[in-house]
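Where a number appears in this text, it was derived from the coordinates with a stated rule and is not lab data. None of the values given here were measured: they were computed from a predicted structure. In this analysis, Cβ positions are derived from the backbone assuming ideal geometry, glycine residues included, and neighbour counts consider all displayed protein chains.
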Amino acid sequence: MITLIVVLVIIGVMYCLSLMANHSRKERMQPYREVYIAHRGLFDNTGDAPENSYKAFEKAVQQGYGIELDVQMTTDGRLVVFHDENLNRMCNANKKLYTLGYEELKNYTLKDSGEHIPLFEDVLELIDGKVPLVVEIKSEGNWKETTKRTARMLDDYNGLYCVESFNPGVLLWYRRNRPEVIRGQLSMDYFKHNSEYNPVINFLMTNLMCNIVSYPDFIAYDHRQKNQLSYRICRKIYNPENVAWTIKSHEELEEAGEVFGCFIFDSFIPKEK
């Protein structure tokens, strides 16, 4: 009986340690609490400023919103801003972005807007430190090289930024190579999102059990799943900064305020803070 209790205690301690997050740099997240963060820019996929377009970012800057965007890499090593693995939804082309060179990618437009997939360097030049920036590094393609090139480009950026990813490996790379940069673990209930990963990975990622490796400064979780058990335990024990994605109404914003301090939004215009 005593042996069983000891084993259960050890398992419990290991579980709690696996959720470890860093709360010692929460003050550096203050600028992100002071603004709402426009998801993929201030976009309208039925208008002239579709998501992750130059015009959507321009509108977000003009209205003083923070900006969240997605970075991927082409076969010729160019960093571009685009969310999906496949171009089908946004460009009506059944091709994976990471299998294309930038010259071919320039031929596609975002929805019916005439806007093209922008280069990351051009978007950084546009934002130019005017608003806080959240850079999501995607796992598609060669994510290690994408991470390295993104870091090198951000080294020369003078504005406020942080990085985030669903991939703990990205955050581990930053922890080892750019420890001064604020990093965040994106997550959700992978089982509810019909993830294509195997059940073991879904379990580990849903329950934030890779935190011990990546040691994130903030957790960005699907706000609809804020009561997920491991996420609640992580908040209780380690008190990290919490970022809500993606808020789509004033009602969701009000409800998420019970847990989260930073808010990524789209599909509506939040009232001023």
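Structure notes:
- All lysines inside 27 Å of LYS138 as judged from Cα atoms, apart from same-chain residues fewer than 8 positions distant: LYS26, LYS55, LYS59, LYS95, LYS96, LYS106, LYS111, LYS130, LYS148, LYS192, LYS226, LYS248
- 3J(HN,Hα) along the stretch 56-63: 5, 5, 4, 5, 5, 5, 4, 9 Hz, from the Karplus curve 6.51 cos²θ - 1.76 cosθ + 1.60 with θ = phi - 60°, whole Hz, x for Gly and Pro.
- Antiparallel DSSP beta bridges within the stretch 26-265, percent to nearest 5: 20
- C-alpha long axis of helix 229-238 to longest principal axis of the chain, angle in °: 80
- Between helix 2-18 and the chain: long-axis angle, C-alpha atoms, 0 to 90°, nearest 10: 20
- Once the chain from ASP155 to ILE5 is taken as fully extended at 0.36 nm per residue, the excess over their C-alpha distance is 49.0 nm.
- Distances between placed amide hydrogens fall under 5 Å for GLU241 paired with ILE219, all partners being 5 or more residues away or on another chain.
- Residues whose amide H lies under 5 Å from that of TYR161, counting only those 5 or more places away or on a different chain, are LEU133; hydrogens are built 1.01 Å from N in the peptide plane.
- Counted charge near ASN92, where neighbours are those whose Cβ lies closer than 11 Å (Asp, Glu -1; Lys, Arg +1): +2
- Backbone phi angles across the stretch 216-223, fed through the Karplus curve with coefficients 6.51, -1.76 and 1.60 (θ = phi - 60°), yield HN-Hα couplings of x, 7, 9, 10, 9, 10, 4, 4 Hz in residue order; Gly and Pro are listed as x.
- Looking at the stretch 35-157, the DSSP beta bridges with both ends there are about 45 percent antiparallel.
- Backbone HN-Hα couplings from phi across the stretch 262-271 [Karplus 6.51/-1.76/1.60, Hz, Gly and Pro as x]: 10, 9, 9, 10, 7, 6, 7, 10, x, 5
- The C-alpha atoms of the stretch 26-265 occupy a region whose extents along the principal axes are 49, 37, 35 Å, arranged from largest to smallest.
- Here the stretch 74-188 is treated as a sphere whose radius is the Kirkwood value from Cα pairs; by Stokes-Einstein at 20 °C and 1.002 mPa s it diffuses with a coefficient of 144 µm²/s.
- Comparing Cα centroids, the stretch 239-266 and the stretch 139-183 end up 24 angstrom apart.
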